[in-house]
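The values are calculated or read from the model by the stated rules, or taken from the named source; none is laboratory data. Keep in mind it's a predicted model, so treat the numbers as computed, not measured. Using ideal geometry, Cβ is built from the backbone for each residue, glycine included, and neighbour counts are taken over all protein chains shown. We work out accessible area using only protein heavy atoms, side chains counted, and drop any ligands, DNA or RNA first. Shrake-Rupley method; radii C 1.70, N 1.55, O 1.52, S 1.80 Å.
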Amino acid sequence: MAALCESFTLCGLGPGGVGLGGGLLALEPGPEPDHVLLTDRGRTATLFKVSDQKPLGCWSVKHGQVLTCPVVCNFETHEYVAVHDNKVLRIWKNKDINLDKVFKATLSADVYRIHSLPHGGPLVLFQGGGVRTLDVLLEAPQQEIENVISDEVIKWSEAFTEGQQPVLIFATEKDGEFFVYVQKFKMNSLHRYKLEQQESSKPLSFTAYIKNDIITLLSLYSNDSVYKALIPLQQNNEEEEQILSQSLLLNLSVSGSVLKGTSFVVLDKDHIAVLGSLTASGEEPKECLTIWNTKFQTLQTSKELPLGTSGQLWCYEEKFFFTHGKVLTVLMYKCEIATLAAAVGKLKDNQTPDVSSFVNWDTLEDEELVVSLQSQQPVPLGSESRMTLRSKRNSVAKGQPDTLSVQPDTLSVGQLLLNLKDAPTTAFEDGLRQLMSKAQTPDFQATIGCVVTAVINRCKSNPKYYPQNLLLQIVQTRDFSYSLCPDLMAVALEKRDVHLLQTCLQRFPDIPEEITYACLKTFLSISEAYLQRIDVNLESVICYIDIEFNNKEVKTEIVENGFSTEQEEGIWDTKFSKETCRMNDGEFCPVGPRKAALLNAVLHSAYSEAFLLPHLKNLPAQQAVLFLRYLYYLYVKCSEKVNTVLPGISSPTINQIMDWMCLLLDAHFTVMVMLPEAKELLSNLHKFVRAQVRFYSELNKIEGSLQELQRLNHQRDYQTYSIEVLEII
């Protein structure tokens with residue numbers, strides 16, 4: 001089973017974005033799992049952090065020079081390798097800015113592509129078919145490169161690691177015929193194959209993967225089909241050329257429509273993704289991205305792309321990357337084990353996670369739900385079984401012994417939850433706890449999602465029912481996430497259950513920005529008097545906010561390494577007194593400890609700036625000012641410490657505080673300037689930041705001297721106690 005999930009824009013293309021040279025040349029993995037390298041068809045390479053949609057670095061060659069192959073990352077040295085003007089090799093690090101000043105080598109032959117392997121050095125493939133490792137090439141950049149192919153043009157190439165040895169495969173074309181070369185480096189062997197021709201069609205795109213010393217080569221043909229060829233690495237045949245036979249893997253047609261594919265990628269052994277144009281008789285072609293099940297020859301899902309694409313498709317870490325209109329789009333997907341039931345649109349069987357539990361009880365009639373549950377059983381249930389199931393459910397509703405205690409191992413999760421649907425509250429919760437207490441299975445996380453979904457559905461149907469302790473116990477002790485039951489936090493917001501919301505924010509990695517904003521707004525709007533009656537986790541604030549009986553903070557000044565705000569006031573060339581570190585109402589925290597703990601949970605939640613900013617603009621002005629006061633308070637608290645780290649468990653970091661301050665000011669700066677109550681706050685914040693900038697500027701001036709002193713101290717070995725005075729001139 002495969003599905004397309006949410007999408008977002010990574011960057012713009014054209015003016016103001018990447019791809020100024022006429023689109024993207026390629027997309028390659030970056031030095032970290034969440035990083036990608038974009039190379040345009042011109043002069044520029046850009047490193048992006050995908051989750052933040054932020055560029056981390058951008059490098060360009062000079063005007064008149066052109067990048068002729070994709071920039072790659074050397075995973076062994078964390079350097080970047082590029083080739084411009086076919087023969088000029090450049091190597092640089094993250095800190096380098098000007099590519100004119102980085103390593104340069106002119107090669108003796110034109111480069112087709114550089115392949116970088118996660119557990120080996122980069123491989124350089126030349127247009128003549130010769131291959132060198134980067135290390136060997138750097139020893140003598142002008143070494144002669146052999147010409148392996150004769151009058152052939154390389155169309156595609158890929159590299160793998162198998163058994164700790166690099167393997168390179170590339171396809172060439174000459175006079176309408178296609179050839180495949182396989183290069184094994186440790187054995188120094190090169191095998192050439194002639195690709196079996198398909199009648200009246202030619203290959204448009206290739207992809208490959210390797211497993212158990214066998215390369216599986218997939219070819220997308222112009223006759224709207226995908227073919228498969230197997231190439232064993234262990235070859236004893238010494239013939240110069242062999243015929244590589246192919247078998248039909250998939251026809252790209254469904255319900256009278258045909259997909260004219262342009263590029264494709266392999267997702268797993270049973271799924272491929274194809275980008276192309278879907279055509280049907282009498283209709284305009286529609287560009288779309290599709291996922292196909294090759295095991296059962298079915299179209300699993302598709303997404304229409306009305307703004308058009310460039311025909312390029314990349315796939316990394318369960319994310320698709322493709323151009324859509326004038327932007328580069330990232331589309332997440334998920335693939336699960338292929339079963340016949342999933343391939344034809346039915347629910348999964350008992351060997352896979354039980355999806356039936358996610359059926360919405362409010363939208364299905366009882367008979368429909370029973371039929372959907374039956375589709376999971378190895379043997380279809382007859383009418384007698386349906387009557388038995390209904391009678392079991394009715395027996396639960398009447399308070400009779402439920403099926404869970406009678407036959408716990410013979411029913412699926414969906415059937416057990418159906419039996420409990422109309423049970424009394426005590427029996428319902430006991431049944432859920434018994435279901436969760438079973439030994440963990442491969443689908444245990446899905447089972448927990450089913451349980452929470454059942455509880456939330458019951459809360460919706462009965463507004464007076466809300467088992468806070470049960471939900472809190474599940475979230476705190478189980479491997480749970482927002483996506484398993486999106487309605488959980490929505491119901492908690494409706495019930496104003498701030499303790500559950502705080503726990504979700506601390507534990508869930510996939511909360512949408514809209515829900516994060518809703519939690520922030522709720523926390524800011526709740527009165528301090530109401531929070532006094534609520535149980536809240538105070539671990540993140542208890543170490544830096546002490547509370548007396550009058551609920552005012554007792555400020556404890558901690559001096560580390562002789563540093564304090566009072567001692568450093570004389571350094572700054574400004575009238576910056578301790579008063580500027582205070583809130584308008586004194587030195588105390590502008591919110592109570594419980595509200596501070598809730599706001600800290602928001603600060604810890606993951607978010608994308610592009611998606612959160614539009615919601616923050618809707619925050620009421622008074623709440624925005626209060627939140628900024630608290631952020632400023634935390635900022636001052638962090639600055640009191642030499643290591644700028646707040647004490648305590650899960651306390652906000654200085655980076656989180658600064659990021660949220662910038663976001664809030666971006667969203668409300670005009671309003672803040674106009675509000676009289678925010679004027680002094682903004683002034684104090686400006687003075688404090690300016691004073692810190694000046695202080696760190698002075699530190700930077702003596703950085704070299706401090707490093708020299710550190711070096712001198714390392715060279716001396718003091719056997720006894722001594723005092724030494726060093727003068728910095």
Would you rank 84, 78 by solvent-accessible area, highest first, keeping every protein chain in place and using a 1.4 Å probe? 78, 84
Can you tell me the dipole magnitude for segment 91-214 around its Cα centre, using point charges on the Cβ only (Lys, Arg +1; Asp, Glu -1), in Debye to the nearest 20? 460 debye
Enter the Cα centre distance for the pair segment 135-173 and segment 656-692, rounded to the nearest angstrom. 56 Å
With a 1.4 Å probe and every protein chain left in place, tell me how much accessible area residue 1 has, in Å² to the nearest 10. 70 Å²
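Within 10 Å of each candidate Cβ there may be at most 14 other Cβ atoms; applying that plus a DSSP loop requirement, which trypsin sites (Lys or Arg not before Pro) in segment 594-678 survive? Walk me through the numbers before you get to the answer.
Working: sites: 594, 595, 617, 629, 637, 641; in loops: 617, 641.
Qualifying residues, ordered by number: 617.
Within the set 54/326; 87/211; 54/155; 54/93; 49/319; 155/194, which residue pairs have Cα atoms separated by over 22 Å? Walk me through the numbers on the way to the answer.
Working: 54/326 17 Å; 87/211 34 Å; 54/155 32 Å; 54/93 19 Å; 49/319 13 Å; 155/194 14 Å.
From 54/326; 87/211; 54/155; 54/93; 49/319; 155/194, over 22 Å: 87/211; 54/155.
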Would you kindly find the accessible area of residue 318, with a 1.4 Å probe and non-protein molecules such as ligands, DNA and RNA excluded, rounding to the nearest 10 Å²? 110 Å²
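Leaving ligands and nucleic acids out of the surface, order 337, 149 by accessible area at 1.4 Å, largest first. Intermediate results must be reported in sequence, preceding the final value.
Values: 337 120, 149 10 Å².
In descending accessible area the options line up as 337, 149.
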Segment 98-218 - percent of accessible surface contributed by carbon and sulfur, probe 1.4 Å: 43 percent
To the nearest 10 Å², what's residue 52's accessible area with a 1.4 Å probe? 50 Å²
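Taking a 1.4 Å probe, which of 522, 9 shows the most accessible area, and what order do the others take after it? Don't skip to the end; give the middle numbers.
Values: 522 20, 9 65 Å².
So the residues, ranked largest to smallest area, are 9, 522.
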